[in-house]
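Okay, so here's the structure we're looking at.
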Amino acid sequence: MERLTDQGLNDVQNSVPHVVGNAVPGMPQEHWDAVARTLRMYDQWTLQAGTELLEAFADRSVAARLRGERYNAIMHGQFTADRHTVLMNTELQELRSHFMELANDLRRTQERFTRHQVRTVVLDTNDLLHYMRFDKIPWPRLFGRGASVMIPRVVLDEIDKKSYETHDTGVRKRARGVFALLEQTLARIEADGHAVVNGDTAVDVLLDEPGHVRLPNNDDEIVARACYLRQAIAPAPVTVVTGDNGMRARALSWGLEACVLDEKYKIERLSAAEKAENEQAITFEVPDEDGAG
């Protein structure tokens, strides 16, 4: 980030001549040459910087900011020479401030996820509903010592929705139990800054930051949040765990790792004793809709 502002942006800004813009009567040839050089540098820099930002940030709007309306005005607008100079200098200064804010946000995000520096497993809704309780699965055995678990906020909302909307009584009851467990986990995170399950596995909920706008498709949103997490903890890998073929394909196309949980952890594959232990605090202790146990 600093390289974009300290080197590339500086080079462009220093090249802006005293007079920049379209030809005016009597404009010397050297100003024509300066205009051409500056616009070429500006165009090349926005292309290179945009490519690097796409690799660093999951949010595509970060890179899109470089070639927005003001870029088009600078490259193709019909302005007086003085007006064009002001427009370019203003845009470059605003970009400098924009990048500084992005760098500060990224540092804060990295500090927020200091417990996710080995490998983070991102779960989807079906993982929580149809497999063994997430706090009982041996994540270090599956993904290595130090592996942590992240649950996007959109998944909590999907679980909540299924707890009262779905027509399947079993799924609805389990969703209520899972949501209660997630609420307990979230309360521990808010109180202590983290939650630990199975002895040493850190579990976190990836909340939506202020101003975050979710994607229309929840599967896309989960993958996008996993990308957001990856940019915060890189080079530590992020693995999206899902049984959904489409979501795995999305994750892989965005440069994430993706896999399916082993079938033996599915609820229907558990032994009677394992199932009873798994359900003890997640279903039977959660009241039905009518308030009965």
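The values are calculated or read from the model by the stated rules, or taken from the named source; none is laboratory data. In this text the structure is predicted, and so the values were computed from the model without any measurement. With ideal geometry, Cβ positions are generated from the backbone for all residues, glycine too; neighbour counts draw on all protein chains shown. Accessible surface areas use protein heavy atoms only, side chains included; no ligands, DNA or RNA. Shrake-Rupley method; radii C 1.70, N 1.55, O 1.52, S 1.80 Å.
Observations on the structure shown:
- Among residues of the stretch 162-219, those that are within 22 Å of the chain's Cα centre (by Cα), exposed (fewer than 13 other Cβ atoms within 10 Å of the Cβ) and small (Gly, Ala, Ser), counted: 2
- Residues of the stretch 92-116 that are at pLDDT below 80 and among the polar types (S, T, N, Q): THR109, GLN110, THR114.
- Of the candidates ASP204, ASP208, the single residue that is outside any loop (DSSP other than H, G, I, E, B), of a type outside the set (Val, Ile, Thr), touching a helix residue (DSSP H, G or I) at 6+ places or on another chain (Cβ under 9 Å) and modelled with pLDDT of 80 or more is ASP204.
- Matching residues in the stretch 88-108 - criterion: being of a type outside the set (D, E, K, R) and either touching an Asp or Glu at 6+ places or on another chain (Cβ under 6 Å) or open to solvent by less than 20 Å² (accessible area, probe 1.4 Å) (or both): MET88, LEU92, LEU95, PHE99, ALA103
- Qualifying positions in the stretch 109-131 - closer than 25 Å to ASP200 by Cβ, of a type outside the set (S, T, N, Q) and either out of contact with any Lys or Arg (no Cβ under 8 Å at 6 or more places or on another chain) or open to solvent by 50 Å² or more (accessible area, probe 1.4 Å) (or both): GLU111, ARG112, PHE113, ARG115, HIS116, VAL118, ARG119, VAL121, LEU123, ASP124, ASP127, LEU128
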